[in-house]
Amino acid sequence: MPVFTLLGLAAATQACLCLYAASPNQRLWAAPWPRRPARIACAALLLLAWLALVQDMHRLTAAFVLGTTLMLALAVLPYAGALTHARRTR
């Protein structure tokens with residue numbers, strides 16, 4: 001797989017992690033991250049992810065891949081947080 005595609009996917013996943021970590025209902029950490037810095041980091045990582053994906057594919061394809069990655073990561077993170085929280089409270 002091309003390097004820029006991997007970098008784009010990693011940046012998109014990290015952007016979702018920043019967005020989830022700033023939520024007051026997150027369960028991965030004991031306290032949520034500060035909202036403004038996490039949202040700024042999320043926006044910067046999303047832009048970086050799209051720019052990295054555009055290096056290896058067409059703009060529309062890059063947008064589709066980015067959206068699909070966001071949907072996957074934002075669907076998995078709450079379950080990962082619930083699993084982590086359940087293991088921590090045992």
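The values are calculated or read from the model by the stated rules, or taken from the named source; none is laboratory data. If you're wondering where the values come from, they're calculated on a predicted model, not measured in any experiment. Every residue, glycine among them, receives a Cβ derived from its backbone with ideal geometry; neighbour counts consider all protein chains shown.
Of all residues in the stretch 51-67, those being within 12 Å of GLY8 (Cα to Cα) and in a helix (DSSP H, G or I) number 11. Within the stretch 49-90, the set of residues being out of contact with any Leu (no Cβ under 9 Å at 6 or more places or on another chain) and among the aromatic types (Phe, Trp, Tyr) comprises PHE64, TYR79. No other residue among LEU9, LEU19, LEU66 is in contact (Cβ under 8 Å) with a residue 40 or more places away in the chain and in contact with a Phe, Trp or Tyr (Cβ under 7 Å, 6 or more places away or on another chain) apart from LEU66.
Out of all the residues in the stretch 44-56, which are at pLDDT 95 or above and surrounded by 13 or more Cβ atoms within 10 Å (Cβ to Cβ)? Spell out how you get there, then give the answer.
If we filter the stretch 44-56 for residues that are at pLDDT 95 or above, which is where we start, we get 44-55.
Matches in the stretch 44-56: ALA44, LEU45, LEU46, LEU48, ALA49, TRP50, LEU51, ALA52, LEU53, VAL54, GLN55.
A Cβ distance below 9 Å, combined with a sequence gap of six or more or placement on separate chains, defines the contacts here; from the stretch 69-90, residues that are over 19 Å from LEU19 (Cα atoms) and in a helix (DSSP H, G or I) reach residues that are modelled with pLDDT under 90 and not hydrophobic (A, V, I, L, M, F, W, C) in the pairs ALA86/ARG27; ARG88/ARG27.
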